[in-house]
Every structure is written in C-alpha cells, then in structure tokens.
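Below is one structure, written out as structure tokens; comments come after it.
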Amino acid sequence: MSDAIEPKPGILEIAPYKGGDSHAEGVADVVKLSSNENPFGPPEGARDALRKTAHLLHRYPDGGHGDLRRAIGEVNGLDPERIICGAGSDEIISMLCQAYTGPGTEVIHTEHGFAMYRISAMASGATPVEVPEHERKVDVDAILDACTFRTKLVFLANPANPTGTMIGANEVGRLAADLPPHTLLVLDGAYAEYVDGYDGGARLVEKRDNVVMTRTFSKIYGLGGLRVGWAYGPAHVVDVLNRVRGPFNLGSAQLAAAEAAVRDTEFVDRSRAENARLRAWLARALAELGVPSDTSCANFVLARFDSVEEAEACEAHLRQNGLLVRKVGGYKLPNCLRITVGDEASCRRVVHTIARFKDAAA
Ligand SMILES: Cc1ncc(COP(=O)(O)O)c(C=O)c1O
C-alpha cells in the first residue's frame, strides 16, 4: 500500500477550468468580454434584495429554496416541486455526474461542448466521450451513434457555448426519444433566455422522464458573481439530486437576489432585445472586416480568423487595447475568438480595434 496522499485515479488528469480573463497586464481600464456576462449588470431589484439580507446573515438560509423555486415556477410556468437550485449551473452539472456516473460509465459531450461536462465527469471517475459536431453544430446522429450500454449522461448546451449555434426542437426531441433507456439527456439552457420565445426544453422535460434542463442566473440575469443556477427535471431525478445536494448550498443573499431577478421579466426582455440588436451589428461589422461567424443565438459571437496565428495576434492586439475576449483553443477552435456582446460602446470599440489590426496586417 502506498503511504503517499493521493487523489482518486483520474483526478490528476483533469485540466483545470480556465475562466475568462478580467485583467490585462499594464492596462488599467479593461472591458471584459470574455465570460458572457450581461453588460448591463443585474436588475436593480436584485441589488436591493441582496442589501436587505444583510441583517439576516447570522441565520441559516432556507435549505429548500422554497421562495426561489416558487418564483422560478410562476415566471416560467413550471412545477416548483420539480425545480432544484445550485451554486451556479456548474453545481447542478457536478451533482448530476456525482449521482449518475462513476468508474466504468461514460458521459457524452460534443466536440466544442462546455468544459465543465468533461471536468465533472472525470471528477466522478467516469469516462468523458467526445462526439464530433458538424461545422460547429451539434450532430444528433453522431451522439446516438456514440451511445453504449455505459452511457449514463448526454450533455447538450442549446444554444451552445462557445459556438453560439443551436439545434431545433425536433432534433432535440428525436435525440431524447432515441437515447438508450439508461441514458439521461441534460439540456443546458445557460443561454436560453437570449432566444425569444424559447423554453429551454422545459416542455420536453414535462413530456419525458429522461430529460433534465439546467439554467443559470449568471448570464442574462447578470448575477454571475452570486452563483445561482437551477434545474427542472422529472421527479425521480430531482429526488436523486436532492440526496447529494449540500443542505445549505445557497446563501440567503443568493436566494433573495435571484428571486427578485427572475421576477423582473421586463429586464430580461430589454436585455434580450438589446443583445439581439448589438449581436447582429457586431457580426455584420466583423464580417465586413473579413471575420465571419456562425449565426449566434446567445450573447456572444464566435469570430473566425484565417489562421491560429491571426486569431492569437488579434487577441493580443485587443488585449493591449483593453479589450478582453476569450481564446477557445481549448475548445478545439484555435482559429476563433469568442467575443461577448457588450454594450454599444464596447461593440464599436471591438470593431474599431479589429479594423486597425486588419489594416496593420494588410
Ligand atoms: C453552456 C454553459 N453551461 C453552464 C455554465 C455555467 O454557468 P454557471 O455555473 O455560472 O451557472 C456556463 C457558463 O459559462 C455555460 O456557458
């Protein structure tokens, strides 16, 4: 027996998650466009609600998240009993892996899929299985072909990060219907609110017992710093997740601010409309500079450059000019940069700075 303190097999093979940068060496005034945050911040009501929790900090929070679940349910037309909340959707992803996977099981994610699927699978001892996409779009048949008797979870972000692409409800429904009976489909709706009229897959969850939807307060609600996410699933899945969930995984400030935020549907509508307007402008302006992108359904644009070298040089140029965007080589997209749709001034600055970069290279 070894006398060294060692983690479980596989843990040291995990490449730690790398978040978007928020500082640039030698630049005081940066614009952060690297983490898909809402440039308008959170709704005012969320700030007020958070302040009001200050006098309650000596009390444990409501471990059942009752008020927040009811608010999410009312606003989205969902059964609160089938909602579970976590410290960001990251925690929900982790709980799903913890509860359903382990050594000898497989977790499917797609080629350019969100990094936490792989990390959480490996942390649980499961084997992550990467499935090819088609031109940066999820390929349902490729996922179905990759399923084995070991496949416990399939993670699918729709819209996807970092590509911004989306597949239609019919395709998602076909995937859910054709999965093996022992496989749970996790529909990650982190960017669902950016798609007008889209329910993130909630109705599919209600029709089936093998689909769970995850959502977050970190993107359109502007609360990334607080860490609140939630899931909507079949009763049997919610029951399982509640067994692995920490008893007080969300603090009272998180609960209060998220509840106020979810009730401010006007804020969400305004953020969605402004994002759509500026995203279209940004994508068109970049295309005119010779930097194409796929039609994005989220709050970012995946800008494609002619080469890896050009993408890296452009990222460095943006950084020198105080604009932080995301390199996505780790997502197998080394010739691309993911640029969050900021406010109008930031979008204009990005285009102006990339135009100067292209001029200098010409
Ligand atoms: C697709 C996707 N899922 C989940 C998350 C996790 O979000 P959070 O843990 O902040 O809710 C992110 C964050 O970037 C994401 O892009």
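Once the C-beta distance of ASP306 and ASP269 is scaled by a Förster radius of 35 Å, the resulting FRET efficiency is 0.40 to the nearest 0.05.
Gain in length, ARG174 to ALA362, computed as 0.36 nm per residue apart minus the alpha-carbon separation, to one decimal in nm?
62.9 nm
Of the trypsin sites (Lys or Arg not before Pro) found in the range 41-117, the ones in coil according to DSSP and having at most 16 other Cβ atoms within 10 Å of their Cβ are ARG59. Distant-in-sequence amide contacts of GLY102, defined by a placed amide H-H separation under 5 Å and a gap of 5 or more residues or a different chain, comprise ALA126. Work out the P(r) tail for the range 126-203: percent of alpha carbon pairs separated by more than 14 Å, whole number. In whole percent, the long-distance tail amounts to 61. Cβ-Cβ distance of ASP196 and ASP3, R₀ of 41 Å, FRET efficiency by 1/(1 + (r/R0)^6): the value works out to about 0.10. Based on alpha-carbon atoms, the Kirkwood radius and the radius of gyration of the chain give Rg/Rh equal to 0.97. Taking a point 7 Å out from the Cα of ARG348 in the direction of its Cβ, the residues of the range 40-82 whose backbone N falls within less than 18 Å of it are 40. Building the convex hull from the alpha-carbon atoms of the range 115-244 and averaging its projection over directions returns 8.3 nm². Working from label points 7 Å from Cα in the Cα-to-Cβ sense, the ASP79 to PHE40 distance is 3.4 nm.
Annotation: amide H-H contacts under 5 Å for ASP264 (H modelled 1.01 Å from N, sequence separation of 5 or more, or interchain): none.
Taken over the chain, lysine pairs spaced eight or more positions apart, or on distinct chains, with alpha carbons under 22 Å apart number 15. With runs of 4+ DSSP H residues as the only contributors, calculate the mean residue ellipticity of the chain at 222 nm using -39,500 (n - 2.57) per run, divided by the residue total and rounded to the nearest 500. When only DSSP H runs of four or more count, the value is -12000 deg cm²/dmol. Amide H contacts under 5 Å for LEU184: LEU153, VAL154, restricted to partners 5 or more places along the chain or on a different chain, H placed in the peptide plane at 1.01 Å from N. Take the Cβ atoms of ILE11 and PHE149, set R0 to 35 Å, and the FRET efficiency comes out at 0.85. For the range 110-125, 3J(HN,Hα) computed residue by residue from phi via the Karplus equation (6.51, -1.76, 1.60; θ = phi - 60°) reads 8, 2, 9, x, 3, 4, 5, 5, 5, 4, 5, 4, 5, 4, 8, x Hz, glycine and proline entered as x. For the chain, relative contact order (Cα pairs under 8 Å, six or more residues apart, normalised by length) works out to 24 percent.
One chain, two ends: ARG203 and GLU288. Fully extended at 0.36 nm per residue, the span grows by 26.7 nm beyond their Cα-Cα distance.
Coordinate-derived values only; no laboratory data. Quick caveat, the model's predicted, so the values are computed rather than measured. Don't worry about glycine lacking a Cβ; one is built from the backbone with ideal geometry, like all the others, and counts go over all protein chains shown.
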